[in-house]
Structure formats: structure tokens, C-alpha cells
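Reading through the C-alpha cells given below for one structure.
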Amino acid sequence: MCGGMGEMKILHRLPIILSILIILLAAAVRFHELGTQSLWNDEGNSYVQATRTVSQIVDNAARDIHPPGYYLLLAGWVRMMGTSEFALRSLSVLASIITVAFTFGIGRRLFNTAVGALAATIMAFNTFSIYYAQEARMYALLAMWSAAAFWLLIGWIRSDGESRRWGVALAVVNAAGLYTQYAFPFVMLAQGVIVFLWLINKKTWRVIWSYFALHVLTLVLYIPWVTTAWHQITTWPNTGESIPLGQAAAQILAYLTFGVTVGSGTSIAVLFFMTFGLIQQRRVYPWWQMMLAPALGFIPVIVFLSLGLFREANLKFLLPAQIGVALWIAQGIWSLWCVQPREPRARFIPKLAAFVGAFSLLIAFITNLSPLYTQYQRDDYRAIVQFINTDPRPDDAIILNAPGQQEVFYYYYDGDAAVYPIPRGYGGDDAATLAEVQHIIENHQRIYAVFWGTNERDPNNIVESTLDHEAYEVNTQWFGDVRLVRYVTPVQFDSWVESGVQFGETITLARYALNATNVRPGDVLQIQLQWSTSAPINQPYKVFVQMIPPQGPPPAVQRDSEPAAGLRPTTTWQVGETIIDNHALILPSDLPPSHYALIIGLYNPNDPLERLIVQSQDFLFITDILVEEGE
């Protein structure tokens, strides 16, 4: 406690106004652009789960790494709000706003209104919190239950462990947290540490038994899911990455203090406030009260790292820890404000330092907010479907390489093309996958392949390597972390041109063939190049295929790729080996009718102007292509 009676009276008048203002700010930054982004893969799964019956949700969750609590809540939510991107994500927004409110309440109960307001403001503008508030997944709900649990824990401790109301509510909320995310035990462990610190001087079995009874009640409520949870947790593959501890700690600290938009590390001011708060407040408050924020901020991180869970995508499990860090920083700012130097003329200095430090943090939060809405867009399945729908053909096929994409893909796609989710199931049957891809190539003229999570479902790259070898890649486009590759299936070449032309000192174009020289806009021009080398090649080269209009460059149509769609870089070529290199050019629907020169060449991808010389030029003329009037 600090400050005179005048300050305390003002502070007592502020709680309602401050809480409303902070909650409105938190809502504004979370609802902003909420429906703009496409749903991404995991959100598609949430959508499908929410449209199922209760029994179907529970059954599917039993085979997943997420318990059913969030899906059940979302199912009720969408029946009221609808299934738009905005509606699906708004449940997470609401949970995140409630988390901000609970953070305010925790800070006020622990210390005072000022600490609560500071902590809630940090929570409101932290982009880590906002990022997952704008996602139709369970992580914002995980943070909400965590904040609610600690708010209730403080109430139970304040009652000296005697209030059944606080105790039962805490047990129910803990059970809700366990039904929401398997990382919630990290939060319960932090609760246990705080209770232990509180009980050090109690020396009473009654309170210990009371706390034990709360956990028994939580377990009773969770019994229907205990066996399933244990099986899923112990059998699901660990997705953590091996990374130096210092690097992991720096990134975690950045997320917990400022958010996802700052890279790694944090500011000196934050570290100072966190340290200063502990030093100052140990003289004023009991251990459990002083250590609550550090325990919530630190213990989940220790458990997370100890279990080898670190990777950037898993940091969402630490959203509850961000609540503790926000309280911890606020605790330090208020401690500095309360410093009373002996010299009266110097008493403004701590307050000025606290104000300047807090204001600089606020500026940093606001500065880091803007990139969140533009540079941290998720995978854009909406744009993928729009691209596929620009020119639908009856014989199109769509391959979803990782069947888990079906849910989000069908959220947007209602076309007539055949959709193949392969490899089937969890993958592993390479022979069956190969046979299915070959069947697709034989029965369709155009193929759209949507690649995501290939290392997990198709570790031997059967789908893409088969398409690259036996079909013709037209182009590749990234939509976030999802790659859309367009292929055309091969045609029989009527004739071959024996070339024997040498590129540079070692590479020879043995022969080539085209499917046509008279084409129309919208057609696909296929060309197969067969290469060889007279010596090993240390430099990777890209192949370019271009159609040059009568007036000269730039090319009207072009394709650039390492040989065999990147599967056979020139550095892998062996002497005496023939490299099959397929290329396809899809002609724009508005391509003007005319004669075009088809040329090819090779260049250094690190320096595109460095081309291999062929017949005293840096390209080889193949033939004239006549583009006729479209039908």
C-alpha cells in the first residue's frame, strides 16, 4: 500500500470506470478485422466439430489431442450466432475479453485497483493474447479458465480456506479447464505452489484437507474423460523441437511480455519492473500474495520446457502464463510508484520513472499492434478456393495432401470437381498412395494439389514426387503456409526433336517435344526437356521457358523452375543419366492472337542475369507458337 488519503479516495472511485474502459479497448482490438481472414486448417476442424451432435463431438474428440469442452461450447454458440468466420471466432474474442476482466480483478484483489488496471491494459494490448482471441480454437478459453481459477483461488484463500462457495467454484472451473485443454494441469500446478506458500505458516490439517477435497471434486467431475485423456496424452507424438534453451527462453519471454509481433527478447524496462516488484514487495506482502503472479507466469513455462514441448506453434499452451507476466509487470510498476525517498524534493522521481516506464510500454504495445492484422495472416483457404473457381473444368481434380484439410476446404468449396484427400487416414501406406495418385493422373486432365503438413502425413513425399514425375507442373502459389500447385496430365507427343545443343560447358539438351504449336487462349502448352551432363555440376541452375511476343520482351507467358519441378537440381545430376524435365505453360484467357517465340534457358537463381551461353546467346529458340482466336 502507498499514497495519502486523497490518492486512495480517487483510486476507490476508479474501478468501474477503468474496468469498463479497458474492456472496451480490449474488445476493440480483438473484434477489429475479425472476419477478414480466411479460416485456416485447425479452425476448419472447429467448424465441423461445432456442427456435429454432442455424441459425435465427444466421439471425435476422443481420437484427437483436444478434449471436447471447447467444441461443445462452440456448438451451442454457433446455433445462436451462425457459422461465419466472424461468428466462429467471436466465442474466442468473448473468452479473451473475460480474461482481461479477470486479470483486472486478480490485480485488484492482490494489491489494488492500479495494479489491476495496469495488468489488464497489458493483457488488452498484448498481441499474443489478441492473436489467439481471433482464432476459432480453444486457447483463448484456456486462458479464461486459468484467470477465473486464480481469481477464485484468491477468494478461497481470503476466506482462510473456509468458504465452500469459493472452493466449489474453483473445483468446477478447474474441471472446465481440464475439459478445454490438456495443458491446463500446468495452471493447477501453479495453484498448488501458491497454496503451499500460503500454508507454510498455517500448520492446520483442516485447510490441507479442504484443499485436497477441492481436487477430489475436480477429479470426480473429470472422471468420464480421465482414461481418454491419459491415452491421448501418452500416445500422441511429441511435436517439440530441439532448440537451445536461451533461444527458446528469449522467444517465450517476448510472447509473454509484448506478443507475437516482436520476435524474441524483451525490454530492459520490463525486466527491471519484474525484478523491482519482487524486491520491494517482499517487505510488505505475504509470500503467497507476492509470488502469485511469478508462479502463474513462470511455472507453466518450466513444465512446458521440461516436457520438450517447445516449438513456435505450441507456445499457445502458455497463454495462461501471460496473465501472470502481465500481473508481475504491473506489480513492479506500482512498487516503483510507491517508493518514498527520504528527501522530500526527490519523491517525484520514482513516480516519474514509473510513469515514463509504463507509458513507454504502452507505446511499444500500440506500435506492435498494427503488424498483427497484416503480417500475421493465417493460411488463406478462401483465396485458394477462389483461385480454383476462376476457371473450373469438368475434368478437374483436387488433391488435399493431408486429409485434415477437408474440413476447412469444404467450408469454402462447393464446386463439382472430384476432391481426393490423400494419403488416406494418417498415411504410411506408400503403395496405396502411389496407386491413387497415378489413378488421378490417368482420369483427369487438370489437377490442383493443396500441400500442407506433408512431412507428417506424407514423409516420403509420394504425392508430390509422383505428380512431378508423371504430370506437368504449371505453377506454384503460396497462401500462407499452404501451397497450391497446378498440374496438367501428360499427353502423347507425336514427335521428338533431337537437339544435342550444349548449354555452358557441360549441360546438353539431348531432345525435346511439345504437345502443340497451334494453341488458343486457355490452353496448356506442354514441353518435355531431356537433359544430360558430361561432368558433375556444383552450381544449381533454374530452367526458364518463355513465350516472347512479336514486339519482344517481356515474355507474355513464362515458367521458371529447377529441373523436374525442383526434384532434380542440377547439383544431383550424374554423368550418363538422362534427366526428364516437364514444363507446362497455361495460356491466359486474354492472350492476344499472334505468333510467339518459344525459348528456353538456364540461369543461376542467385543471380538471374547469369545465364548459360548456348550458341552464342543466353537462350535457345525452340519454335514459333501460333496463338489463334479463342472459341
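Data overview
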{"read-out": "Count of residues meeting criterion [outside any loop (DSSP other than H, G, I, E, B), within 25 Å of Phe86 (Cβ to Cβ) and out of contact with any Ser or Thr (no Cβ under 7 Å at 6 or more places or on another chain)] in region 44-61", "value": "11"}
{"read-out": "Qualifying residue in region 267-278 (condition: over 29 Å from Ala61 (Cβ atoms) and surrounded by fewer than 14 Cβ atoms within 10 Å (Cβ to Cβ))", "value": "yes"}
{"read-out": "Qualifying residues in region 228-242 (those that are surrounded by 15 or more Cβ atoms within 10 Å (Cβ to Cβ) and within 23 Å of Gly453 (Cα to Cα)) - the one nearest to the chain's Cα centre (by Cα)", "value": "Gly240"}
{"read-out": "Among the candidates Ile586, Ile600, residue that is at pLDDT 95 or above, of a type outside the set (S, T, N, Q), within 20 Å of Thr517 (Cβ to Cβ) and surrounded by 12 or more Cβ atoms within 10 Å (Cβ to Cβ)", "value": "Ile600"}
{"read-out": "Answer from Tyr512, Tyr541, Tyr472 - the residue that is under 30 Å from Asn401 (Cα atoms), outside the structural domain of Asp430 (by TED's automatic domain parsing), among the hydroxyl-bearing types (Ser, Thr, Tyr) and in contact (Cβ under 8 Å) with a residue 40 or more places away in the chain", "value": "Tyr541"}
{"read-out": "Selection count, region 481-511, where residues are touching a Lys or Arg at 6+ places or on another chain (Cβ under 6 Å) and part of a loop (DSSP other than H, G, I, E, B)", "value": "1"}
{"read-out": "Spans of helices (runs of 4 or more DSSP H) in region 346-417 with at least 1 residues at pLDDT below 90, outside the structural domain of Val262 (by TED's automatic domain parsing) and closer than 21 Å to Thr121 by Cα", "value": "none"}
{"read-out": "Qualifying residues in region 544-583 (those that are aliphatic (A, V, I, L, M) and closer than 15 Å to Leu467 by Cα) - the one surrounded by the fewest Cβ atoms within 10 Å (Cβ to Cβ)", "value": "Ile580"}
{"read-out": "Selection count where residues are among the aliphatic types (A, V, I, L, M) and not in a helix (DSSP H, G or I), scope region 235-274", "value": "3"}
{"read-out": "Hits in region 564-613 - residues which are touching a Pro at 6+ places or on another chain (Cβ under 8 Å) and among the acidic types (Asp, Glu)", "value": "Asp581, Asp590"}
{"read-out": "Test: residue in region 405-426 that is in contact (Cβ under 8 Å) with a residue 12 or more places away in the chain, among the basic types (Lys, Arg) and more than 30 Å from Ala136 (Cα to Cα)", "value": "no"}
{"read-out": "Filter pass, Pro15 being surrounded by 13 or more Cβ atoms within 10 Å (Cβ to Cβ) and at pLDDT below 90", "value": "yes"}
{"read-out": "Total residues in region 535-570, condition modelled with pLDDT under 95 and of a type in the set (Ser, Thr, Tyr)", "value": "1"}
{"read-out": "Entirely in region 100-181, the helices (runs of 4 or more DSSP H) that have 1 or more residues that are out of contact with any helix residue (DSSP H, G or I) (no Cβ under 6 Å at 6 or more places or on another chain) and farther than 17 Å from Leu25 by Cα", "value": "139-158, 164-180"}
{"read-out": "Within region 560-580, tally of residues that are more than 35 Å from the chain's Cα centre (by Cα) and part of a strand (DSSP E or B)", "value": "2"}
{"read-out": "Failed item in (1) modelled with pLDDT under 90; (2) surrounded by 17 or more Cβ atoms within 10 Å (Cβ to Cβ), with Trp225 passing the rest", "value": "(1)"}
{"read-out": "Boolean, Leu525 is surrounded by 21 or more Cβ atoms within 10 Å (Cβ to Cβ) and either out of contact with any Phe, Trp or Tyr (no Cβ under 9 Å at 6 or more places or on another chain) or part of a loop (DSSP other than H, G, I, E, B) (or both)", "value": "yes"}
{"read-out": "Inter-residue pairs, beta-carbon under 6 Å, first in the same structural domain as Glu312 (by TED's automatic domain parsing) and in region 116-131, second among the basic types (Lys, Arg), 6+ apart", "value": "Gly116/Arg108; Ile130/Arg30"}
{"read-out": "Index of the failed condition, Asp64 passing every other in (1) in a helix (DSSP H, G or I); (2) in contact (Cβ under 8 Å) with a residue 24 or more places away in the chain; (3) surrounded by fewer than 24 Cβ atoms within 10 Å (Cβ to Cβ)", "value": "(1)"}
{"read-out": "Residue in region 462-472 that is modelled with pLDDT of 95 or more and either buried (at least 21 other Cβ atoms within 10 Å of the Cβ) or under 17 Å from Thr572 (Cα atoms) (or both) present", "value": "no"}
{"read-out": "Filter result (surrounded by 16 or more Cβ atoms within 10 Å (Cβ to Cβ), among the polar types (S, T, N, Q) and either within 28 Å of Thr127 (Cα to Cα) or within 19 Å of the chain's Cα centre (by Cα) (or both)) within region 29-61", "value": "Gln37, Ser38, Asn41, Asn45, Ser46, Gln49"}
{"read-out": "Criterion (farther than 17 Å from Glu407 by Cα, touching a Phe, Trp or Tyr at 6+ places or on another chain (Cβ under 8 Å) and modelled with pLDDT of 95 or more) met by exactly one of Gly35, Gly69, Gly76", "value": "Gly69"}
{"read-out": "Close pairs from region 158-186: first on the phi > 0 side of the Ramachandran plot, partner β-branched (Val, Ile, Thr), Cβ under 9 Å, at least 6 apart", "value": "Asp160/Val207; Gly161/Val195; Gly161/Thr204; Gly161/Val207; Gly161/Ile208"}
{"read-out": "In region 80-98, the residues that are of a type in the set (S, T, N, Q) and surrounded by 18 or more Cβ atoms within 10 Å (Cβ to Cβ)", "value": "Ser90, Ser92, Ser96"}
{"read-out": "Only one of Ile447, Ile441 that is part of a helix (DSSP H, G or I) and touching a residue at least 24 places away in the same chain (Cβ under 8 Å)", "value": "Ile441"}
{"read-out": "Members of region 384-426 found to be crowded, with 16+ Cβ neighbours inside 10 Å and among the β-branched types (Val, Ile, Thr), listed by number", "value": "Ile384, Val385, Ile388, Ile398, Ile399, Val408, Val419, Ile422"}
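Let's see how each residue does on (1) buried (at least 21 other Cβ atoms within 10 Å of the Cβ); (2) assigned by TED's automatic domain parsing to the domain that holds Asn314; (3) modelled with pLDDT under 95; (4) hydroxyl-bearing (Ser, Thr, Tyr):
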residue	(1), (2), (3), (4)
Gly161	yes, yes, yes, no
Leu170	yes, yes, no, no
Ala175	yes, yes, no, no
Gln181	yes, yes, no, no
Phe184	yes, yes, no, no
Ile200	no, yes, yes, no
Lys203	no, yes, yes, no
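The values are calculated or read from the model by the stated rules, or taken from the named source; none is laboratory data. As the structure is a prediction and not an experimental result, all values here were calculated from the model. Note: ideal-geometry Cβ built from the backbone for every residue, glycine included; neighbour counts use all protein chains shown.
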